[in-house]
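Below: one structure, written as structure tokens.
Please treat every number below as a calculation from the coordinates, not as lab data. Not measured: the values here are computed from a predicted model. Counting neighbours? That spans all protein chains shown, and the Cβs are built from the backbone with ideal geometry, glycine included.
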Amino acid sequence: MIPWIDDSQPVFPDPSLALEDPDGLLCAGGNLAPTTLIEAYSKGIFPWFSEHDPILWWSPNNRCVIFPSDIHESKSLSRATKKFSGKISINTQFKAVMKACAEPRKEDSGTWITDNMISAYCELADLDVAHSIELIEDDKLVGGLYGLSLGKVFFAESMFSRIPNASKILLVELARRLDRAGFAMIDCQVENPHLLSMGATIIKRHEYLEKLRANIIKSPIRNPLY
């Protein structure tokens, strides 16, 4: 059994108490208020649940991260970026990016980005805690990525592409901007081949939490992507 935390004033358990199966499940309950989300992320915990489930909180033993200076841009991606005729914008379409990320994908008909999640993270965007980076072509949103910024850590939540390479172009741009701003780490949460091919690495929870504690503060650095 996992602990159920109070809805009004959630107190998160130590991440080291998370289950091994399913990997990283820590607790259930709580709420998605800005203070709750900031507290969770600052402790290496994130929400991930389906629409009809209670709020589930996770801290996996294996954590996928990108150190900004280690981002890998392949030659083919570099060529695609140079050929792209659109533009990159910051924080201009946060809600639209979240909604696009919530759209069903070929490999999965459902989504964990519920309407409540969208509302909660839009509140964080209003507080300059959550940010989006967008790819615009012919005045249309063709790619996007969003996440949270706390201290010198960026917590990448989700991204989408409507044209080839859009999310890759944005991830490279994000890493380079964060590197210039002195960020230590991009938390990608869970690994996939796409992220690993672009320089992501897997570290254990204890190492991740050590790096997190060394680089996080609860008040945001304003406009870290500019």
Exercise for the section: Within the range 197-204, identify whether any single residue is buried (at least 20 other Cβ atoms within 10 Å of the Cβ) and either assigned to a strand (DSSP E or B) or out of contact with any Asp or Glu (no Cβ under 9 Å at 6 or more places or on another chain) (or both), and answer yes or no. Expected result: no
Fill in the blank from the handout: Of the residues in the range 125-151, those that are closer than 14 Å to Q93 by Cα and crowded, with 17+ Cβ neighbours inside 10 Å number 14
Practice task
Go over the candidates A175, A125, A100, A96 one by one and state the one that is in a helix (DSSP H, G or I), closer than 18 Å to L32 by Cβ and of a type in the set (G, A, S).
Solution key: A125
Exercise for the section: Inspect all residues belonging to the range 37-45 and state whether any of them is hydroxyl-bearing (S, T, Y) and closer than 30 Å to R176 by Cα. Expected result: yes
Exercise for the section: Kindly indicate whether G147 is assigned to a strand (DSSP E or B), farther than 13 Å from V65 by Cβ and touching a strand residue (DSSP E or B) at 6+ places or on another chain (Cβ under 8 Å). Expected result: no
